Every structure is written in structure tokens, then in C-alpha cells.
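Okay, structure first, notes after.
The values are calculated or read from the model by the stated rules, or taken from the named source; none is laboratory data. Only a predicted model underlies this, so the values are computations on that prediction, with no experimental measurement involved. Methodologically, a virtual Cβ is constructed for each residue, glycine included, from the backbone with ideal geometry; neighbour enumeration extends over all protein chains shown.
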Amino acid sequence: MIPLAVIRPQPGCDATVATARALGLDVHGFPLFAVEPVAWDPPAPDRFDALLLGSANAPRHAGPALTDYAGKPAYTVGAITAEVACAARLDVVASGVGGIKALLPLIRPEHRRLLRLSGRERMVLTPPRGVSILERVVYASEPLPMPSALGQLLKGRVVVALHSAEAAHHLAALCDQHRVDRGLVALATIGPRVSRAAGHGWAAIRAAAAPNDTALLALAQDLCQTPAAERNCGPDAG
């Protein structure tokens, strides 16, 4: 079986590794980012109607200021983000899948002013007509150097799971820096946007059928069981 490398930040890395291991994969976790809080200027609670949270890192790293928003409605991406938001005493009114853009059609008429808490690297959003989005950056994912163990793994055939475009860019840069043969590395990505960010020259690039860990690991499982060279998949696959 071809090994799988997971490079997302903690605590997500450990969670993905545990799930992959339960599937019987030869999985190795190498967090290539450290998530750090960023100082921010919290707007008064009466300046917005609801919060928009695309990642669990937002409520995790927003700090004490988030307590001022207890009871405020929140729209979240995914179950984990919803859990962390609830733990922060936010009122999760909708939790969607498919990325933060998929939340916009779920916005209720009474929530026309949104506060988006996000990371430094984030997707640009175009709000629906009549909706405004106030943005605050509350965390940043700082890239880390390549661990020697990951460098060794990348000398042979390997599948790498990519959860973000930022991770795709960083992996590509590290591979170039360390003269890794991209032809030995197959990429399982969480969506076409991440596939495009990775660039060219990889043994295979395939995007998951849905933007979640379950679909991503199903794809990784398939790639790990079939030699990447036989896949003949380009960066726009999926």
C-alpha cells in the first residue's frame, strides 16, 4: 500500500490521521502549519446580526472578545466548527457543507449584517443582495519547514492529502526547495480550487467528490491502493 501523508494543522491533523488509520491506511501526520491567534478589533455586538464562521479555528482563536457575542446567531461550515461555536456559547442557526460560499443561501432575512471571523488567507466572498459582511482576521496559519521524516517519505511513492489552497502552495514550494520528484507524489485534494493551486508535474491530482474529510479520505484510500503512475490524472481532475 502506498503511504498517505496528512499535512493540515493541528488539531485537524490528528483527527484526519485517526480516521485514516481506522480505514486501514498507512498514514503519517506532518502538520506543516502552526495556527496562531491574530490581534483584532472586535466590533460592538449591535453592529452585526450574526456571525459567519468558515473554520473551527476562528472561534478557537478569537480569544476572550468572543464572550461578548454569547447568544449571537452563527452560521458555520461543518460539524466541528458548529461544535466549537456552541462551546463558545454562540447560537448555531445553520451549519452547511461545501465551503463557506454554500452558507450564503442559508442566511435568514433577519440577518442582513454579518460578521465574518476568518484566517489571514481566506476566500473572497460576494454577499447576496442586501447583505453586508464585516470581516475580521482572528488567526493565521504560519508555514513550517519540512520535517526530515516527511522528506524521507517523499523520496518514494506517496499520496498527500491537501485540505486548502494554502497547503497546496506550501507543499509545492517545499518540494521544489528540497528537490522532491513530483512524479512520485499523488495529491488527494478537498476540491478543484485546491487542485489548481498545487500546480503541475505531480503523479496524479484528484479532487474529492465533496469538500469534507470523509470524501477526501475515500479518495486517498483509492489512490493509496493503486499506483499513482497508473492514474494519469491532471491538476483539473475531479
Which one is modelled with the highest pLDDT among residues in segment 77-98 that are outside any helix (DSSP H, G or I) and under 19 Å from Val35 (Cβ atoms)? Ala88
Got at least one residue in segment 17-37 being exposed (fewer than 15 other Cβ atoms within 10 Å of the Cβ), within 16 Å of the chain's Cα centre (by Cα) and more than 30 Å from Arg157 (Cβ to Cβ)? yes
Selection from segment 198-217 of residues outside any loop (DSSP other than H, G, I, E, B) and surrounded by fewer than 20 Cβ atoms within 10 Å (Cβ to Cβ) yields Thr214, Ala215
Of the residues in segment 38-67, those that are basic (Lys, Arg) and more than 22 Å from the chain's Cα centre (by Cα) come to Arg47
Pull out all pairs, ordered by first then second residue, where Cβ-Cβ is under 6 Å, the residues are six or more apart or on different chains, the first lies in segment 14-41 and is under 19 Å from Gly119 (Cβ atoms), and the second is among the charged types (D, E, K, R) and assigned to a helix (DSSP H, G or I). Thr16/Asp213
Can you tell me how many residues within segment 161-197 are part of a loop (DSSP other than H, G, I, E, B) and aliphatic (A, V, I, L, M)? 2
Pull up segment 41-54, narrow it to residues that are buried (at least 16 other Cβ atoms within 10 Å of the Cβ) and not charged (D, E, K, R), then point me to the one that is modelled with the lowest pLDDT. Gly54
Just checking, which of Leu114, Leu103 is assigned by TED's automatic domain parsing to the domain that holds Tyr69, touching a Phe, Trp or Tyr at 6+ places or on another chain (Cβ under 8 Å), on the phi < 0 side of the Ramachandran plot and in a helix (DSSP H, G or I)? Leu103
Restricting segment 141-160 to residues that are in a helix (DSSP H, G or I) and not polar (S, T, N, Q), the one surrounded by the fewest Cβ atoms within 10 Å (Cβ to Cβ) turns out to be Ala149
Say whether the condition of being touching a residue at least 60 places away in the same chain (Cβ under 8 Å) and among the acidic types (Asp, Glu) is met by at least one residue in segment 137-148. yes
Kindly check whether there is at least one residue in segment 172-182 that is free of Cβ contacts under 8 Å to residues at least 24 places away in the same chain and of a type in the set (Lys, Arg). yes
Tally, over segment 117-140, of residues that are more than 16 Å from Leu53 (Cα to Cα) and either part of a strand (DSSP E or B) or among the aromatic types (Phe, Trp, Tyr) (or both): 0
Given the conditions (1) at pLDDT 95 or above; (2) surrounded by 15 or more Cβ atoms within 10 Å (Cβ to Cβ); (3) not charged (D, E, K, R), every one holds for Pro192 apart from (1)
Given (1) out of contact with any Cys (no Cβ under 9 Å at 6 or more places or on another chain); (2) touching a residue at least 60 places away in the same chain (Cβ under 8 Å); (3) among the hydrophobic types (A, V, I, L, M, F, W, C); (4) assigned by TED's automatic domain parsing to the domain that holds Leu217, identify the lone condition not met by Ala62. (4)
Filtering segment 68-84 for residues that are over 13 Å from the mean Cα position of the chain (by Cα) and β-branched (Val, Ile, Thr) leaves a count of 2
